[in-house]
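Here is the structure we will look at.
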Amino acid sequence: MDTLHRGKQSIIFPERPVLSAWASVVGKMEGEGPLGKAYDRVVQDGKFGEKTWEQAETKFQQTALELILQKAGLERNKLDLVFSGDLLNQCVGSSFALRWTGLPALGLYGACSTMAEGLLLAGAAVNAGYAERVAALSSSHFAAAERQYRFPLAYGGQRTPTAQWTVTGAGAVLTVRNGKGPALTAATVGTVEDKGITDANNMGAAMAWAAYRTIRTHLEDLGRNAEDYDLIVTGDLGKLGSDLVREFFAGDGVDLGDRYTDCGVMIFDPTQQDVHCGGSGAGCSAAVLSADLLPSLMTGKYRRILFCGTGALLSPTTAQQNRSIPAVCHAVAIEKNI
């Protein structure tokens, strides 16, 4: 069997695993953004009827998972594997969402890169024949993230200009061996990068270099140019971080132009919503992927996209110790099936 490894960090999926169903569940503020009509469900109550924000995040994941099963007409016990993750300590949003389901589950922590990491692993599992039906899901919650990483909301702390707004929501995608839908064709596993950024309110700057390195490596490993993609989308660098990515590529003589954007830029309207540098959180890119990117592949708006999840790998403890913020970016190539 020929190796499926390409170049330094990339792999290919010759079996072209299919993304057959996807779903997005978001909060009230996300529903008021530019993609508001595209989400499967907009929840007006931030606690989703639960007692705590953390319990609400669990319910966001549960709902997204149930939605993809409904769309696929699949019974839950027919799933072979679930990859899931979130921003909460020990990924309790995911583990509590999957308890009592009886599903084989592998928890992930890639911060905001979790959905891309989940898709990469789902594609590898299906392509290699280890599973036929795999779900990838991730979530975040604004209030839960603020309580864990920064200040409790009741504190009323001022947000810095470089801060991003953690998305309340979840996304889920079903990857199968055979079916109708866009196909996973290649992926690049990111390396952990650290540019010395210590400000936990400047995630875009902390993650931008990791995004640049992964995208550049992906193109080199597969012998491609940026023009080979209709869209290259990171998630979630926000405005400041995505501008830095453009600058890094400009230094290589590459103008990304309109073919590049960021999920954190797409999900909110900065002129109408006070989100500073845009959106972030493990639920941000997952929701944008499910609500906008995959449907756009189905309609033919895009032929091939490179979905690049970016994650800041800090913890509350390392932030309190004023340590720098490592970051990672994983990329998956998704194509419209002919």
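Grab the Cα-Cα distance for residue 99 and residue 71, subtract it from 0.36 nm times how many residues apart they are, and report the gain in nm with one decimal.
Result: 7.9 nm gained on full extension.
Say each of residue 128 and residue 44 gets a label point 7 Å from the Cα, pointing the same way as Cα to Cβ; how far apart are those two points in nm?
Going from the residue 128 label point to the residue 44 one covers 4.7 nm.
Can you list the HN-Hα couplings for the range 123-140, worked out from phi with the Karplus curve (6.51, -1.76, 1.60; θ = phi - 60°), rounded to whole Hz and with x for Gly and Pro?
Coupling constants for the range 123-140: x, 5, 5, 6, 4, 7, x, 6, 7, 9, 9, 10, 9, 10, 8, 8, 8, 7 Hz.
For a quick check: with amide H placed at 1.01 Å from N, whose amide H comes under 5 Å from residue 166's, ignoring anything fewer than 5 positions away on the same chain?
Here the answer is 280, since their amide H atoms fall under 5 Å of that of residue 166.
I need 48, 83 ordered by Cβ neighbour count within 10 Å, fewest first.
So the ranking, lowest neighbour count to highest, is 48, 83.
Once label points are set 7 Å from the Cα along Cα→Cβ at both residue 337 and residue 274, what is their separation, rounded to one decimal in nm?
So the two model labels end up 4.7 nm from each other.
Restricting to DSSP H runs of at least four residues, report the calculated mean residue ellipticity at 222 nm for the chain, -39500 (n - 2.57) per run over all residues, nearest 500 deg cm²/dmol.
Helix-only estimate at 222 nm: -9500 deg cm²/dmol.
Please list, in order along the range 64-69, the HN-Hα scalar couplings obtained from phi with the Karplus expression 6.51 cos²θ - 1.76 cosθ + 1.60 (θ = phi - 60°), rounded to whole Hz, x for Gly and Pro.
4, 5, 5, 5, 5, 5
What dipole magnitude, in Debye to the nearest 20, does the chain give about its Cα centre under +1 on Lys/Arg Cβ and -1 on Asp/Glu Cβ?
Its charge dipole is roughly 560 debye.
Tell me, what HN-Hα J-couplings in whole Hz come from the Karplus equation 6.51 cos²θ - 1.76 cosθ + 1.60 at θ = phi - 60° for each residue of the range 306-312, using x for Gly and Pro?
Whole-Hz 3J(HN,Hα) from phi for the range 306-312: 10, 9, 10, x, 10, x, 8.
Rank these for me by crowding, 119, 69, going from fewest to most other beta carbons within 10 Å.
69, 119
Cut-off is 10 Å between beta-carbons; in what order do 268, 249 appear when sorted fewest neighbours first?
Least to most surrounded, the residues fall as 249, 268.
Counting Lys and Arg as +1 and Asp and Glu as -1, each charge on the Cβ, what is the dipole of the range 183-335 about the Cα centre in debye, to the nearest 20?
Charge dipole of the range 183-335: 240 debye, to the nearest 20.
Sequence-distant or interchain residues sharing an amide H contact under 5 Å with residue 191, placed H: which?
Result for residue 191 returns 329.
Arrange the peptides 27-38, 53-64 so that the one whose residues have, on average, the most other Cβ atoms within 10 Å appears first.
Result, highest mean first: 53-64, 27-38.
Amide H to amide H under 5 Å from residue 140: which residues, 5+ apart in sequence or cross-chain, H placed 1.01 Å off N in plane?
169, 283
Read-outs throughout are calculated quantities, based only on the coordinates presented, and are distinct from any laboratory measurement. Values in this document were obtained by computation on a predicted structure and should not be read as measured data. Ideal geometry is used to build each Cβ from the backbone, glycine not excepted, and the neighbour counts take in all protein chains shown.
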